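Trainee: A single structure is presented below for examination.
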Amino acid sequence: MFILAIAIFSTSPFYNANFFLPIRSLSVFSNPAGLGISTGAEAFATYDLGSEVITTGASAGNIGFGYMKDDSLHFYEISIGYRLPGAFTIGYAYEFGDTSVHIAGIECRPNGQLSLSCRTEIKHQRYVSGGIEIMPYLHYVTLSFAVTYEGIDDTLAFLYGGMITPIHGLGAFFFADKEFNWNAGMEFSFGYGKITGKYSSQSEKFSGGLLLSAQRYRTFVED
C-alpha cells in the first residue's frame, strides 16, 4: 500500500497540492473521509503519458468507486465517507485486486483556511499517512504538507508544495519530495468539469486528467 500511495501521488495530476485532502471522487485511493465533505456525483480519469499507469474514480453521494492500473498490477476500491457533527468527517475503504487492505480515514476542516487529514490501514497498522493544508489568502494560495510512514521497512516519505489560483478556475501548482523530485502543472475549471496536466522531473513525463461533475466548480466563466 505504501508503493500504491506513492505511485498515485507521483502520477495523478489531480492530486496536485491537495495530497490527502481532496473531496468527492478524488478521495478514491486518497482518503475516503473526503467523500463525506461535499457529496455529489462526479467521475475522473488520469493517464501518465508514456507508461501504463491509469487511475479512474467516481462518486455518488457518500460512496466512491475506483480502479487503478500500474503496468501489470490492477487495484480496485470501494469507499464511503460520513460527515460528523462539527468539523470532522470519517471514511472507510476496501482496496482489492493485486492487494487487499482495509483503510480508515479522518479529516478535520475547522474553518475555510485549515484542513487536516489522516489515513491508515485498519488491521495491520503498517501504513499511515497524514496531511495539512493551509489557505492563508482565501482560495488564492494553498500551502500543503504530507507525510507517509510504512512500518515494515521503517520508511518515511513526505511531500510539500503549494497551489496559486490567481482567478477562479485557473490554478498553477508545484510539489516535491525530500529528494526534491518535483512536479509542476496547471488546473483549469470550466464549471461542471476540470482538466489538468502535470510534468514530473523524476519520470520526465507528462500526465493529464479530466473530471466531470454534476456539481458546479468555481470558474471565471460565469453564467
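Trainee: Which lysines does LYS194 reach when only Cα atoms under 27 Å apart count, and residues fewer than 8 places away in its own chain are ignored?
Mentor: Qualifying lysines at Cα under 27 Å: LYS69, LYS205.
Trainee: Near VAL53, within a Cβ-to-Cβ distance under 9 Å, what is the net charge of the other residues, with Lys and Arg +1 and Asp and Glu -1?
Mentor: -3
Trainee: Which listed residue (LEU159, GLY36, LEU21) has the Cα farthest towards the positive end of the charge dipole for the chain, taking +1 on Lys and Arg C-beta and -1 on Asp and Glu C-beta about the Cα centre?
Mentor: GLY36
Trainee: Given the Cα-Cα distance of SER72 and ALA172 and 0.36 nm per residue of separation, how much length would full extension add, in nm?
Mentor: Between SER72 and ALA172, full extension yields 32.8 nm more.
Trainee: When the helix-only estimate is applied to the chain (DSSP H runs of n ≥ 4, each -39,500 (n - 2.57), divided by the residue count), what is the mean residue ellipticity at 222 nm, nearest 500 deg cm²/dmol? Write out the running numbers ahead of the final one.
Mentor: Working: 1 runs with 10 residues, N = 223.
So the calculated ellipticity at 222 nm is -1500 deg cm²/dmol.
Trainee: Which values of log₁₀ I(q)/I(0), to two decimal places, follow from the Debye formula for the chain at q = 0.13 Å⁻¹ with a uniform point scatterer at every Cα?
Mentor: The computed values of log10 I(q)/I(0) come out as -0.69.
Trainee: Once you have the Cα-Cα distance between TYR199 and LEU84, take 0.36 nm times their residue separation minus that, and quote the gain in nm to one decimal. Numbers along the way, then the final one.
Mentor: Values: separation 115, 0.36 × 115 = 41.40 nm, distance 3.72 nm.
Full-extension gain reported as 37.7 nm.
All of the numbers you see were taken from the coordinates with simple rules; none came from a lab. Keep in mind that what you see is a predicted model, and the values were worked out from it rather than measured. Glycine gets a Cβ as well: all are built from the backbone with ideal geometry, and neighbour counts include every protein chain shown.
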